[in-house]
Structures are given as C-alpha cells and as structure tokens.
Amino acid sequence: MAWSVAGKPSAGTLRRIVIAFSPASPPLSARRLAPMVAGLLAALLVGFLWFGNLEFRDLADPDEGRYAEVPREIIATGDWVTPRLNDLKYFEKPPLQYWITAAAYRVFGVDEWVARLGTAVAGLLGALVVLVAGSRLYGREVGALAAAMLLGTLHYALFSHILTLDTTVTLFLTLTVLAFAAAQRDAARAAERRRWMLVAWASAAGAVLTKGLIGLVLPAGAVAAYVLVHRDWRLLSRLELARGVPLFFAICAPWFVVVSMRNPEFARFFFWHEHVERFLQPGHGRPGAWWYFLPILAIGALPWLALLAWSAPRWWRQEAAARFRPTRFLVIWVAVVFLFFSASHSKLPAYIEPVFPALALLGASQVARIPARTLAFLLAAVVPAVVALALLVPFVPGHAHLEQAAAHLGPFLAWFEAGLVALGIALIAAGAMALRGRRTTAILTASLGGLLAVTVAMTGHQFLSPTHSTETIFHRVEAEVTRAGRDVPFFSIETYDPSLSFELERPVTLVAYRGELDMGLAAEPGKGIATVGEFLVRWSEAADAFAIMRPSVYERLAGHGVPMRVLARDARHVVVRRK
C-alpha cells in the first residue's frame with residue numbers, strides 16, 4: 001500500500017478504499033456466509049460443552065481435592081516455593097500447575113470451576129498445538145482434522161475436565177515432540193529448525209515443572225528410539241544442544257534449587273522416592289497387570305478406534321523417500337509412552353493421555369486416503385462397541401470396590417447411557433455423511449458426538465458425589481461449622497479427603513493417618529496426632545470440636561462411650577461434634 005510522506009494515504013490508496021467499501025462492491029453471498037455462520041455456531045457449541053459443567057460437579061477425592069487445595073494454600077500462605085497440602089510439605093509433584101491454578105484463584109476467586117479451569121484450557125491448547133504443528137507436518141487440512149478429532153476423543157476429553165496434572169503435562173509433552181518433528185522435517189530451514197527446537201526444549205522444561213522427570217525422559221526416549229531404528233546419527237547434531245540445554249535449565253532449574261535449599265528432605269524424596277521407587281517397586285496403591293492400559297487405550301480412542309486400527313498398518317510406510325519421517329516418529333512416541341507406563345509398577349488410567357494427540361494426527365493423516373465407503377464403515381463400525389459398553393455398564397455395581405456407590409449408581413448410569421446414545425447417533429450420522437463424500441463434516445460430527453458423550457456422562461457423575469467427595473456431607477454441616485468459628489478444631493480420624501480442607505478453607509488435624517502425607521508428617525510431626533488414644537485425650541479436654549471418620553471408626557468409638565453428637569453421616573463418613 002502506498003502512503004504519502006506526510007503519513008496520509010495517497011490518492012491511489014484512497015481510491016482503492018472507496019471502491020472496496022462502496023455500494024457497488026459485491027455483497028457477501030449466502031453461499032460464502034453460511035459456512036462462516038456454521039463455523040461460528042460450532043465453535044460456540046464446543047466452547048459451551050468444553051467449559052459448561054466445570055462448576056457443576058463436586059471435587060472428587062483424592063486427585064481433584066488435592067490439586068485444588070494445594071494452590072489454595074499457596075494463596076493463603078503466600079509461599080510459592082514449598083507446596084503444602086493440609087499445611088504439610090507436599091513434594092510428590094512440581095509446582096507449575098499449582099502456580100497456574102493459584103494465579104486463576106487470584107483473578108477469579110477460589111471455586112471448583114476455577115480449580116478445573118487450567119486443566120480445561122490446557123486441553124484446548126493441546127488441540128491448538130496439534131492444529132499448528134500438524135499443519136506444518138501434514139498440511140492445514142490434516143492439522144485441523146486432527147485437532148477436531150482430539151477434542152472428541154473420549155479419553156482426552158474426559159481427562160481435560162478432571163483436575164489432575166495429566167492434561168497439562170500432555171500439553172507440554174505434545175508441544176515438545178511435535179516441535180521436534182517440525183524442526184527435523186526435510187522442508188525446515190536452519191533458522192526455522194532452531195526456533196522449533198528451542199520451543200521443544202522450553203516445553204520439555206514445562207513438562208518437568210508439571211510432573212517431574214518424565215517431561216524429559218519420555219521425549220528423549222522417543223528421539224533415541226527413532227535414531228536407533230533409522231540409524232540417523234546425524235539427527236543428534238540437529239538438536240540445538242548448545243542453546244537448548246541452557247534454556248531448559250534456565251526455565252526449570254531455579255525452583256528445584258530454591259526448594260532444595262529451603263527443604264533439605266526434598267531432593268531424596270522427589271527424585272528417588274517419587275521417580276525411581278514408584279516406577280520400580282509395587283506398594284504405592286496403583287497396581288496393574290502388563291495389559292492394564294490396553295482396554296483403556298481401546299475405549300479411550302473412541303470414536304476413532306476402527307479408523308486407527310484400519311490405518312495403523314499404513315503409518316510405517318508413509319514418507320518413504322523422506323530423510324526424516326514424522327509419521328514413524330509419532331508411532332515410536334506412542335509406543336514409548338505406552339510401554340513406559342505399562343512397565344511401571346504405578347498405574348492410573350490418565351497416565352497414557354500423551355498418546356492421544358499423536359494418535360489423532362496419525363488418524364487424520366489417513367482420512368483423505370480412505371475410500372468414502374470405507375470411512376463410512378469405520379465410523380459406523382464403532383456403534384456396536386458403544387452399544388456393548390452401554391449394556392455392560394449396568395453390571396458395574398457388582399464390583400466390590402463400588403459397593404458403597406450402589407445406591408447412587410442408578411441416576412449416574414442413566415446419564416452415562418444417554419451420553420453413549422448421543423455418541424451412537426452421531427456415529428450413524430457421520431457414517432451417512434461419509435457415504436456422501438462429506439469427509440470433513442463426518443469427522444466433525446463424530447467428534448462432536450464424542451465430546452457430547454463425555455459432557456453428558458460427566459454431568460451425571462455429580463450423582464456419585466457422596467461416594468467420591470467430602471463436599472456433599474460437608475454442605476450438610478457447613479452452617480454449624482461456620483457458626484462455631486475457625487478456632488474450633490476439626491479432626492480427621494484414620495482418613496483424609498483433601499476436598500474437606502478445600503471446603504473448610506483451613507487444614508484439619510490428622511489422627512492415626514499418614515498416607516500420601518507421610519513425608520510431611522515426618523518433617524513436621526507436631527501437626528498430626530499419631531494414635532487414636534492421644535486423640536481421645538485431646539477430645540475429652542476440648543470444650544468444642546468436630547471430627548470426621550469412617551462409619552466403622554465411629555461405631556468403634558461409640559462402643560467405648562466416647563461422647564459424640566452425630567451431625568451427618570453417609571456411606572463413607574460420619575461427622576460428629578464434641579459440644
């Protein structure tokens with residue numbers, strides 16, 4: 001555009017502006033406007049589904065209660081270096097997500113939806129990373145399809161709405177491996193490769209600050225495996241080690257140094273106990289057979305399971321002429337993550353979440369190559385699996401570990417099955433669209449069905465709150481506890497649910513309980529009561545006090561004549577008062 005020396009537009013520029021905005025300019029046609037409106041409405045619907053029920057559900061213990069309470073205590077104490085849970089040192093995980101949630105508390109206030117906000121935003125950002133990096137690797141259409149597929153993948157959508165560290169670490173790990181792949185692709189120039197590699201190093205540091213050494217070990221393992229498989233030793237010279245390593249340590253090392261200086265017990269507990277012992281030794285309460293993650297992967301990959309199974313044999317043969325083969329690297333990444341956590345003695349369903357962004361890209365890279373009829377079949381073929389899942393769920397109450405939930409499962413199962421029905425209908429519609437050659441619309445419809453299924457099921461999960469959260473029973477005694485004042489002690493006997501501290505907005509006094517707070521109690525033993533006998537002395541001397549315990553503990557104490565007035569009880573807890 002030409003501009004005059006005085007800073008005013010030239011005559012030619014003014015003429016073009018006038019022509020562009022004159023009535024003679026052709027109006028935006030309905031044919032062009034319709035996709036824009038449809039896209040806007042779809043974005044609003046996804047936004048509503050993604051953020052709509054963050055507040056609706058009570059915090060589920062222990063994970064959601066824990067990861068909501070630690071940031072609340074950061075705000076309460078002003079200590080951003082030493083994480084605390086129930087006012088005890090808590091070094092099981094690094095602090096980045098705590099910091100993010102604490103910052104959100106500062107802006108929006110302390111609440112359940114704010115506690116979950118960081119996780120939900122991380123889930124959306126993960127899809128954005130897939131969109132941007134996937135576009136560099138496979139083109140814009142594949143990147144956009146992969147992002148859409150990821151948002152509707154059951155496992156990814158589910159854990160993006162549960163307050164754990166896994167979605168945040170998945171965001172950083174995905175950025176690390178996709179930035180690495182973008183840097184190493186054949187079309188990348190030297191300056192571009194350097195930028196992408198520095199992004200990879202920085203995001204690896206973010207992963208370490210979120211969940212520990214896996215933030216570096218897993219990407220490094222995938223790169224090492226790729227180099228060994230392809231014998232591409234020159235790739236090691238393209239890692240930007242001279243700039244990347246200092247950047248990595250500049251981001252993540254300061255907190256580790258400062259927290260170690262302030263807490264001498266940190267280094268051994270965090271690096272040895274939480275990493276080496278947890279991986280190599282059983283006894284952390286998270287067992288699982290070698291096949292533990294196989295059904296989780298299969299169900300979690302819905303609604304793309306059949307599509308992924310059909311396209312998997314073709315992944316290894318892609319980019320045969322390329323020096324760096326990003327598809328093979330993503331396959332290796334998925335295998336490294338899956339095998340690493342399968343080998344660990346500590347297993348939880350959320351641990352394999354980092355495989356799903358890569359799987360979305362791998363699946364999306366094949367959509368354009370699949371015949372229309374085959375794509376329709378692959379989408380519709382999942383419907384029987386969805387129906388089977390809906391038929392099997394009612395038998396879940398037979399499992400011993402859900403006996404306490406039996407009274408509350410009925411309403412939840414109704415919501416759960418409604419979500420599966422929505423997914424089945426969406427898949428049938430997507431198959432019909434695929435038959436007509438509308439591939440993109442078919443993928444978007446199936447993805448929306450997956451997101452809707454998760455949203456509906458998670459909304460119904462609130463009916464299980466009495467079996468998963470202390471919030472339900474606390475709300476029944478909240479008025480009496482508030483009237484008593486913050487100086488009246490609250491004891492937690494042989495149990496601890498972090499959501500109770502979150503609701504009380506203060507720590508409870510632990511009685512004959514250690515659990516995950518063992519290290520903190522060892523460092524500050526005066527903050528707990530070791531035995532029930534010592535508690536009874538304190539209880540008898542108190543003018544007023546509250547206590548929460550399991551029903552079996554209450555029956556035992558009541559049998560010994562301990563003075564207690566029951567305020568509320570459910571299948572898991574009894575809340576009593578001394579006064």
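Within the stretch 227-254, the set of residues being surrounded by 17 or more Cβ atoms within 10 Å (Cβ to Cβ) and within 26 Å of residue 353 (Cβ to Cβ) comprises 239, 244, 247, 248, 251, 252.
Residue check: residue 320 meets all listed conditions (1) over 25 Å from the mean Cα position of the chain (by Cα); (2) open to solvent by less than 40 Å² (accessible area, probe 1.4 Å) but one, namely (2).
Within the stretch 292-313, the set of residues being assigned to a helix (DSSP H, G or I), open to solvent by 10 Å² or more (accessible area, probe 1.4 Å) and more than 17 Å from residue 149 (Cβ to Cβ) comprises 294, 295, 296, 313. Considering 224, 179, 205, the condition of being at pLDDT 95 or above, open to solvent by 10 Å² or more (accessible area, probe 1.4 Å) and of a type outside the set (Asp, Glu) is satisfied by 224 alone. Residue count for the stretch 73-95 satisfying the condition of being among the hydrophobic types (A, V, I, L, M, F, W, C), open to solvent by less than 30 Å² (accessible area, probe 1.4 Å) and not in a loop (DSSP other than H, G, I, E, B): 3. Checking each residue in the stretch 96-133 for being closer than 14 Å to residue 72 by Cα, open to solvent by less than 50 Å² (accessible area, probe 1.4 Å) and among the β-branched types (Val, Ile, Thr) picks out 101, 114.
The values are calculated or read from the model by the stated rules, or taken from the named source; none is laboratory data. Note that the structure is predicted; figures quoted are calculated from it, not measured. So basically every Cβ, Gly included, is an ideal-geometry build from the backbone, and we count neighbours across all protein chains shown. Only protein heavy atoms, including side chains, enter the accessible area calculation; ligands, DNA and RNA are left aside. Shrake-Rupley method; radii C 1.70, N 1.55, O 1.52, S 1.80 Å.
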